[in-house]
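The values are calculated or read from the model by the stated rules, or taken from the named source; none is laboratory data. Computed from a predicted model, the values in this text were never measured in an experiment. Backbone-built Cβ (ideal geometry, glycine too); neighbour counts: all protein chains shown. Calculation scope for accessible area: heavy atoms of the full protein, side chains included, ligands and nucleic acids excluded. Shrake-Rupley method; radii C 1.70, N 1.55, O 1.52, S 1.80 Å.
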Amino acid sequence: MTMLMPAEGVFSLIWVLIALPLAGAAILLFAGRRTNSWGPYLGVLTVLGSAVIGVLMLLEMMQQPADGRTYGQELFTWIQVGGFSADMAFQLDQLSIVFVLLITIVGSLIHVYSLGYMAHDKDRRKFFGYLNLFVAAMLLLVLANNYLLLYVGWEGVGLASYLLIGFWQHKPSAAAAAKKAFIINRVGDVGLSLAIMLMFVTFGSVSFQDVFGVADQASEGTLTAIGLLLLLAACGKSAQFPLQAWLLDAMEGPTPVSALIHAATMVTAGVYLIVRSNVIFTAAEWAAIAVIVVGLITMWMGAIIGSAKDDIKKSLAGSTMSQIGYMITAAGLGPIGYVFAIFHLLTHGVFKAGLFLGAGSVMHGMNDNVNMRRYGALRSAMVITAGTFIVCYLAIIGIPPFDGFFSKDDIIHASFERSPIIGVLAMLAAGLTGFYMTRMVAMTFFGKARWEDDVHPHESPKVMTIPLIILAIGAAFLGMALVYWGDIESWLEPVVGFEENPLPLASWVYEATTLALVLIGVAIGWIMYARREVPVEAPRGTVLTRAAREELYGNQVNDVLVVQPTHYASRSLVWFDNKAVDGFVNGSAAFVGGLSGRMRRYQTGFVRSYALSMVGGVLLVVLALVLVRMS
Amino acid sequence: MNPSNYVMLSAVLFSIGALGVLVRRNAIIVFMSVELMLNAANLAFVAFSRMNGNLDGQVVAFFVMVVAAAEVVVGLAIIVTIFRTRRSASIDEPNLLKY
Amino acid sequence: MTDTVTDVNTGEAVVFWVCAILAVAGAAGMVLSRKAVHSALWIALTMINLAVLYVANSAPFLGMVQVIVYTGAVMMLFLFVLMIVGVDSSDSLIETIKGQRLAAILLVLGIGTMLVWGIGNALAETSDIGLEEANAAYGGNVQGIANLIFTKYLIAFEVTSALLITAAMGAMVLAHREHWSPPPSQRELSEQRFSGDGVKGNLPNPGVFARHNAVGTPALLPDGSTSEASIPEPLRARGDVPPIDHTDVDEVQQITEGRTE
């Protein structure tokens, strides 16, 4: 474990990173309507402030030697109970700073974008309050130096996610989606809390330093248990199989929310958790294998769902699931994959935010219609949106020199280093990515216009397009910059470790194969959705299409496995409560009542009767005394 | 003369007092019976005092008398009050406190 | 009855048996009398006998207190209340609560038997130290008791004083009758009397020509019957009205008509 450096200079501002958006949230949410006019701008400024501090910290950190880049800041002792203690303390290292920058910079762009997107919403101030709250909680999550504080941030983002998904709570579907996300996340949270308890029992501490320092002394069984519980937590937050069902419904929230929370930041918290706990997963092999399996399943599920959905946001959500599946797979690979998981997370955060914001911009111009079958030929109507969207599209499918090419290829490489099966599956999924993203772009921007009658597509205002342009620039150059100039491997290596295994073939072979698969996918997508007429009504489709439209029956499975048994159990319990419990209670009450009804006949009101029973008692006492004396 | 005779006499008087409480309906006679029981107890105290050769028993009997006097005062006042409203001194009359 | 005490005091035995029989008789009489006044007298007898027994037990102070407080004050208070309630209140001896009398007798017999038997067993071997020494320690029985009361039992004694004060207060509060309106004036009483249906003038006097105690003799009405109203109410209530002695009536008639036999 690297030494913790005292937080001095610019690093003494770690707490300010969190405090700024938190203060913004507090002001916006508690000060109420009087902040309506200037509140949203304050919300943007707080996050921008955090972003500036984050950039300064990055610059300062780059001046330091590689093993001196971990900074600790202790504010106060938070909980001190017997042998248990948890501090309100932060840890800023190479991993955290990456997240801080992603959260604050992408967050800032989305805040700015929201100024335009939510311009006509009467609850705009509340929206920005929630966004600030989310940013604060997410920063707390990635800056905490112990699992308990991380858990606070974890729950905080869950809360903010719930509030934002249900932001338009007048829509029953949004309210239901918010509840669904919250409840499914609880399942994962149980995993995290159990993992924390197990850590405390095993190691006697929950701080990263202590746990990782002595992790190798624990038995492998315990470490596997902790690892699986952490994986459960990650599945909940990152919408991985089997807890994936909430993410698609979460698209009920406003589009900037989908971009910020359900694409770029919160859903990657699971990846952060696994990478942060790399010591545990490296030591617990079976837990790591479980991570890979979950990642692969989700990678494919997401891709298949994304290929069939006609709702642009849900299709993007499927894509998000799939891409996070990549990251989780990479995180399960061990030291050969941790770095690339984070790398892909970073690039994905940028281009997926760009895609979501682009989709939002399209919806903005199409009267909030999300059905891609009603889009088409929008490239001339909204030039900037189309341009940025296509740049991000090239990035996600992995065309060089855009972002995705570098990050996804690294993951595929690492997968082959581990096992050819994983590698092939990841490679084929990349081809599928090419297909579904091409389908989306073709249906939206190319082909014939299938607009509804009263729709007049128009380009969005500058406040929305400028963030799009910035994100598109990021999508175009960030990957290249990080690989050739930023040297992401050696940057993250002190925190997560890094090793490379030799590959049987030259690396260009893999790159070429992947690219070929992607291009095949693109070609199929182009032929099916740009050359041919896209029907306005969805055709019946094959079995697989119908299943994918139904989100591969995830909801139905949950319904059969969880919801219906719960209903049945609660009905049985109600029956049991009514008949047995109430029967016993009422029966005993009736028994006592009947008994007293008879007993009260002896309350005649005659003092002499009472005196008689007293004398009877006295006789008994005297008898007892005499008998005791006799014996 | 064995002092236990006094104690037995005390037991007999106590029993007769208890019988009076149980069978008589006139509140004043019931009260007299209670007084008789107290007196029986006093007799036992005095006898015990003699048996043990110290005066504590007599002191207790004295206190019993004081308490009995206080009790008589209050009890008779209650009887008078009840009589004033019900024109009767029967203890079977005030029997409203029942089922 | 085993007597382990060596110096048998015959005088004490005589006193005990006489007083014990009288006390039990008094107690029985108290329970069995129909009239409350008789009960009060019977229990007075019991108490006096108990006083004698106290004295016989080297407790002259308690004996005196017994006579003064019980036979004197308490029993007088009882009689006083009896007068207020009405001396006429003789109980009917018919039991109204089913089974009460039988159960009471059985239970009391049981208790009495058990107590006497138990005491006989328990105290058969007891000592009889006697109080001569204890009484002599401070120069007498009264001094001995005073010593105990004002040293060992001082707090109990002081508490008793509070109890007595409270009891006196309680008795006053209980017996106090609140006047909710000013008492009726003579005029109002007079108006009330003449507005009702009752007798407006004086009640008839009792018979004055009787040979007997005049107050108990009813007045004769012109038709030869007697007037209930002429007799004081307590006597009427007690049923203490002598029957009309018709020889007297005849005699009076003869005198008034001037006849002679």
### Task
Return one quarter of the surface area of the convex hull spanned by the alpha-carbon atoms of chain A, equal to its mean projected area, in nm².
42.1
### Task
Using a 10 Å cut-off on Cβ to Cβ distances, tally the other chain neighbours for every residue of A:242-250 and report the average as a whole number.
0
### Average other protein chain Cβ within 10 Å of Cβ, residues C:119-131
6
### Members of A:Lys313/A:Lys462; A:Lys122/A:Lys237; A:Lys180/A:Lys313; A:Lys314/A:Lys352 lying beyond 20 Å, as alpha-carbon distances in this model show
A:Lys313/A:Lys462; A:Lys122/A:Lys237
### Task
Per residue of C:49-61, count partner chain C-beta atoms within 10 Å of its C-beta, then hand back the mean as an integer.
5
### Summary
Rounded to the nearest 10, the angle in degrees between the Cα long axis of helix C:75-85 and the longest principal axis of the Cα atoms of chain C comes to 30
### Message
Probe radius 1.4 Å, ligands and nucleic acids ignored: give me the carbon and sulfur share of the accessible area of the range A:105-179 as a rounded percent.
### Response
65
#### Entry: 14 Å beta-carbon shell around A:Gly594, net charge (K/R +1, D/E -1)
+3
#### Entry: A:Trp154, A:Trp300, reordered so the largest accessible area comes first (probe 1.4 Å)
A:Trp300, A:Trp154
### Message
Give me the summed buried accessible area for the C-B pair, 1.4 Å probe, to the nearest 100 Å².
### Response
7100
### Task
Return the loop-located GluC sites (Glu not before Pro) in the range C:93-197 (DSSP other than H, G, I, E, B) with at most 15 other Cβ atoms within 10 Å of their own Cβ; answer none if there are none.
C:Glu95, C:Glu125, C:Glu178
### Task
Would you kindly find the accessible area of A:Lys179, with a 1.4 Å probe and non-protein molecules such as ligands, DNA and RNA excluded, rounding to the nearest 10 Å²?
120
### Message
Please compute one quarter of the surface area of the Cα convex hull for the range C:134-174 and express it in square nanometres.
### Response
3.2
### Query
By a straight-distance test (C-alpha under 17 Å), which lysines pair with A:Lys579 as possible cross-link partners, with residues fewer than eight away in the same chain excluded?
none
### Query
Largest first, how would A:Leu561, C:Leu221 line up by accessible area (1.4 Å probe)?
A:Leu561, C:Leu221
### Query
Tally Lys and Arg at +1 and Asp and Glu at -1 over the other residues with C-beta under 12 Å from the C-beta of A:Arg186: what net charge comes out?
+1
### Task
Over the range A:561-600, give the accessible area per residue in Å² for a 1.4 Å probe, as an integer.
84
### Rounded tilt (10° steps) of C:100-123 against the dominant C-alpha axis of chain C
30
### Summary
Within the range A:45-125, DSSP-loop trypsin sites (Lys or Arg not before Pro) with at most 14 other C-beta atoms within 10 Å are A:Lys122
### Summary
Between chains A and B, the summed loss of accessible surface on complex formation, probed at 1.4 Å and reported to the nearest 100 square angstrom, is 1100
#### Entry: Accessible area buried between chains C and A, both sides summed, probe 1.4 Å, in Å² to nearest 100
1200
#### Entry: Cα→Cβ-extended label distance, 7 Å offset, between A:Val581 and A:Ile466, nm
6.0
### Heavy-atom accessible area per residue - the range A:147-281, 1.4 Å, Å²
28
### Query
Cross-link partners among lysines for B:Lys98, C-alpha distance below 26 Å, same-chain residues fewer than 8 apart left out?
C:Lys98
### Message
How large is the accessible surface of A:Met5 in square angstrom, using a 1.4 angstrom probe and rounding to the nearest 10?
### Response
70
### Task
Between C:Asn9 and A:Asn371, with labels modelled 7 Å along Cα→Cβ, what's the label distance in nm to one decimal, could you check?
12.2
### Query
How about the range A:528-629: which GluC sites (Glu not before Pro) there lie in a loop by DSSP and see at most 11 other Cβ atoms within 10 Å?
A:Glu533, A:Glu537
#### Entry: Heavy atoms of A:Val592 accessible to a 1.4 Å probe, total area in Å² rounded to 10
90
### Task
Apply 1/(1 + (r/R0)^6) to the Cβ-Cβ distance of A:Gln556 and A:Ile520, taking R0 = 30 Å, and write down the FRET efficiency to the nearest 0.05.
0.40
### Task
Could you please put A:Phe208, C:Phe157 in sequence from largest to smallest accessible area, using a 1.4 Å probe?
C:Phe157, A:Phe208
#### Entry: Reach of A:Lys448 by Cα under 20 Å, taken over aspartates and glutamates that are not fewer than 8 positions away in the same chain
A:Asp310, A:Asp311, A:Asp368, A:Glu459, A:Glu533, A:Glu537
### Task
Provide the gained length on full extension for the span A:Lys179 to A:Arg571, in nm with one decimal, where the gain is 0.36 nm per separating residue minus the Cα-Cα distance.
139.0 nm
